[in-house]
Amino acid sequence: MYTIAFHFSKSGEMKYISHLDLMRLFVRSMRRARLPLKLTEGFSPHHKFSILKALKLGVESMCEEASIVLAAPVPPQEFIERLQQQLPKGIAITDAKGNFN
């Protein structure tokens with residue numbers, strides 16, 4: 001299991017995106033970036049992705065935390081570059097750290 005923990009900022013027009021839509025935005029962007037996402041093994045598989053805390057609608061933040069479980073290791077800098085190319089203006093990945101157990 002390969003976990004990437006990362007920080008991101010949400011500003012500008014993106015402050016009006018809801019928490020659920022933000023989660024969908026990240027998962028879709030990660031798929032477009034062709035990152036090797038890990039799926040759960042239950043009846044209804046989903047991506048192992050979480051955002052540490054939900055922001056209220058209309059609130060900007062410069063340091064939010066999230067993590068994703070990958071099926072294969074991806075260096076943190078490559079993760080940032082690939083994902084940032086797929087994200088809309090207003091969402092920026094600021095830092096990433098990998099935990100490859």
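The lysine pair tally for the chain, using Cα distances under 18 Å and a gap of 8 or more places or different chains, is 9. Sorting 67-77, 53-63 by average packing, meaning the other beta carbons within 10 Å per residue, from highest down gives 67-77, 53-63. How high is the FRET efficiency from Ala72 to Glu13, r the C-beta distance, R0 30 Å, rounded to 0.05? Taking R0 as 30 Å, the efficiency between Ala72 and Glu13 is 0.35. Straightening the chain between Asp95 and Ser44 buys 15.3 nm, computed as 0.36 nm per residue apart minus the Cα-Cα spacing.
Take Tyr2: with every protein chain present and a 1.4 Å probe, its accessible area is about 60 Å².
Each residue of region 29-40 was assigned a 3J(HN,Hα) from its phi angle through the Karplus curve 6.51 cos²θ - 1.76 cosθ + 1.60 (θ = phi - 60°); the sequence is 5, 5, 5, 5, 7, 6, 7, x, 6, 8, 9, 5 Hz, with glycine and proline shown as x. If Lys and Arg each add +1 and Asp and Glu each add -1, what is the summed charge of the other residues whose beta carbon sits under 12 Å from the beta carbon of Leu52? Net local charge, Leu52 excluded: -1. Per-peptide packing, taken as the mean over residues of other Cβ atoms within 10 Å, places 88-97, 35-44, 4-13 in the sequence 4-13, 88-97, 35-44 from highest down. The alpha carbons of region 26-68 stretch over 34, 23, 15 Å along the principal axes, in descending order. Computed on the Cα atoms alone, the convex hull of region 14-88 gives a volume of 99 cubic angstrom per residue.
The values are calculated or read from the model by the stated rules, or taken from the named source; none is laboratory data. Note that the structure is predicted; figures quoted are calculated from it, not measured. With ideal geometry, Cβ positions are generated from the backbone for all residues, glycine too; neighbour counts draw on all protein chains shown. Heads up: the accessible areas ignore ligands, DNA and RNA and are worked out on the full protein's heavy atoms, side chains in. Shrake-Rupley method; radii C 1.70, N 1.55, O 1.52, S 1.80 Å.
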